[in-house]
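Novice: The structure's right below; bear with me while I get my questions together.
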Amino acid sequence: LFLVYQVHALSFPENFKFGFATASYQIEGGWNASGKGPNIWDWYTHTYPTRIADLTNGDVACDSYHKIATDVQLLKNIKADFYRFSISWARIFPNGQPNNINPDGVRYYNELINLLLSNNIKPIVTMYHWDLPLGLHQLGGWPNIALVDYFVDYADKLFSLFGDRVKTWITFNEPSQICEFGYSRGFLAPGYTQLGIGNYMCGRTLLIAHAKAYRLYEKKYKQHQKGLVGMTVHAVWFEPAAEGKTYAEAADISLQFMFGWWEHPIYKGDYPPVMRKQINYLSAQQNFTKSRLPYFTKDEIKLIKGTADFLGLNYYTSFLCSPLDSSAVQNPLLSPDSNVTCYQPSSWQSTASSWMKVTPWGFRKILNWIKKEYGNPKVLVTENGYSDTGELQDCNRVNFLNDYLTELLNAIKKDGCNVQGYAAWSLLDNFEWGSGYMQKFGLHYVNFSDPNRARTPKMSAYVLRNIIKTKKIDTTFTPQGFKACPP
Ligand code: GBH
């Protein structure tokens with residue numbers, strides 16, 4: 001009997017990698033330190049303080065700009081294989097223009113990368129996690145197609161400065177959030193509300209910028225640097241709210257509008273047909289002279305198709321979807337053009353974030369959907385995490401990790417999904433955008449009233465450490481100094 005149990009206790013593949021993720025604006029602080037220029041989050045939080053729930057900003061945040069050694073030590077203690085962090089564009093090019101480079105920004109990332117490597121932790125670098133240099137915002141920001149060239153210059157500089165040591169590059173973190181929330185719904189910086197216009201203009205820029213950066217790497221760096229380039233997209237699993245064809249369609253449309261918007265052009269060429277059809281139809285109805293969803297040229301379609309060495313996936317939660325009924329509230333995460341309505345039943349376990357309920361089962365489903373839709377690409381889970389209000393005995397996060405990682409393991413072992421690694425969001429409690437410091441995603445508690453921003457591992461940090469060490473999920477594991485969690 002014991003033998004049978006052993007056979008069935010699944011473990012992560014030998015070469016599966018675990019790591020932790022952060023983003024520059026959310027942790028670094030040092031907002032005007034040593035030559036850094038202002039970015040849209042500095043400007044947004046300083047100009048419109050009331051748009052942040054607790055009236056805070058990232059001026060100091062976790063002060064990681066001054067805490068390289070501390071952060072790397074935390075990563076080492078929890079046995080991280082890799083650290084996913086992002087580079088603050090305005091630290092490298094203070095006003096976004098490529099003629100003026102800031103040496104202290106370069107020094108900071110060099111030191112971080114070198115210390116990681118000397119501790120055997122691989123750096124995975126996000127080039128853009130939402131902090132656009134203000135100078136480029138003043139030229140119109142992402143809806144302006146001119147930003148393609150600026151991004152490619154920036155990418156070129158990063159590859160040449162750090163590519164001898166950085167072998168995994170993520171061009172953009174969550175383009176749907178950048179475009180939909182930054183330029184259409186206005187929940188995130190720069191907070192513009194060009195509904196149904198700004199999002200698609202921004203999206204076109206991001207896809208072309210991503211593709212050109214990928215092609216540049218392919219041509220100029222890949223042969224000697226031998227690294228990988230991809231993009232990270234936020235996926236929600238959308239489940240039909242009821243039986244029947246119209247519900248299945250509503251769920252599929254949602255997946256295409258949120259996830260296919262990016263991955264369809266990259267894996268299959270051009271936008272998902274349902275986006276094209278629906279936005280063209282609505283644009284005509286609304287008396288536009290042309291579709292609000294811009295067209296790619298044939299050359300652009302070719303340029304973009306095939307520009308992923310891996311698929312970066314951020315997965316947090318699931319929704320139930322139905323065809324739009326005008327009395328219902330639309331899904332807050334989706335463009336109204338999707339014409340669907342999605343919700344999360346109140347019976348699902350909640351988190352500190354209103355948009356997120358605990359749905360481990362959706363993890364296995366989205367991974368299988370990706371496998372089927374895009375031909376089982378290599379997937380790197382670049383974010384997954386749980387928000388609470390900050391307790392050290394964080395049993396809800398412990399259960400969350402055990403349950404989500406079990407679904408991930410099933411997707412790999414039972415379904416053959418090609419997932420190569422997993423990054424927990426986040427290494428530290430940090431500045432959660434519009435929610436300020438009220439929603440904590442960290443596996444380490446950060447004392448924000450301490451000028452030194454002391455970090456303390458939560459129970460979940462030790463639990464994940466044990467999973468990394470044993471490559472197995474043990475729901476009974478209780479680290480020293482903590483009480484056993486109720487299941
Ligand atoms: C990720 O976004 C981000 O990459 C990361 O920076 C972030 O800290 C983390 O997840 C946790 O949110 O409350 O209606 O204004 C995941 C997608 C982005 C969805 C922020 C919710 C705020 C929506 N989330 N968004 S709202």
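Bear in mind that the values in this text are calculations on the coordinates, not laboratory data. All figures in this text were calculated on a predicted structure; none of them were measured in a lab. Methodologically, a virtual Cβ is constructed for each residue, glycine included, from the backbone with ideal geometry; neighbour enumeration extends over all protein chains shown.
Novice: Near the amide H of LYS357, under 5 Å away, which other amide H atoms are found, from residues 5 or more places off or on another chain, if H is placed in the peptide plane?
Specialist: Distant-sequence amide H within range of LYS357: SER318.
Novice: Treating only the Cβ of Lys, Arg, Asp and Glu as charged (+1, +1, -1, -1), what charge dipole size does segment 23-84 show about its Cα centre? Round to the nearest 20 debye.
Specialist: Result for segment 23-84 is approximately 180 debye, rounded to the nearest 20.
Novice: Using a cut-off of 15 Å between beta-carbons, work out the net charge of the residues near LYS220 (Lys and Arg +1, Asp and Glu -1, LYS220 not included).
Specialist: Overall, the nearby charge balance is +2.
Novice: Taking the Cα atoms of the chain, what is the range of coordinates along each of the three principal axes, in descending order and whole Å?
Specialist: Reported extents, whole Å, longest axis first: 66, 59, 48.
Novice: Give the calculated FRET efficiency between THR389 and HIS66 to the nearest 0.05, with a Förster radius of 35 Å applied to their Cβ-Cβ distance.
Specialist: My answer for the efficiency is 0.85.
Novice: Okay, moving on. Round to a whole angstrom and tell me the spacing of the C-alpha centers of segment 406-481 and segment 76-134.
Specialist: 21
Novice: If you don't mind, another one. Whole-Hz Karplus ³J(HN,Hα) for segment 285-299, in order, using 6.51 cos²θ - 1.76 cosθ + 1.60 and θ = phi - 60°, x for Gly and Pro?
Specialist: Result, rounded to whole Hz: 4, 8, 6, 6, 7, 8, 4, 5, 8, x, 8, 7, 6, 4, 5.
Novice: Okay, next question. Determine the percent antiparallel among the DSSP beta bridges restricted to the chain, to the nearest 5.
Specialist: If I count the DSSP bridges inside the chain, around 25 percent turn out antiparallel.
Novice: Can you give me the Cα centroid spacing of segment 172-233 and segment 21-65 in angstrom?
Specialist: Here the answer is 21 Å between Cα centres.
Novice: If you place +1 on the Cβ of every Lys and Arg, -1 on the Cβ of every Asp and Glu, and leave all else neutral, what size is the dipole of the chain about its Cα centre, to the nearest 20 Debye?
Specialist: With Lys and Arg at +1 and Asp and Glu at -1, about 1220 debye.
Novice: Any idea how far the Cα center of segment 249-265 sits from the one of segment 281-311, in Å?
Specialist: Cα centroid to Cα centroid, the span is 14 Å.
Novice: Continuing with this model, one more query. Where Lys and Arg each count +1 and Asp and Glu each count -1, what net charge lies around GLU28 among other residues with Cβ under 12 Å from its Cβ?
Specialist: Once positives and negatives cancel, what remains is -1.
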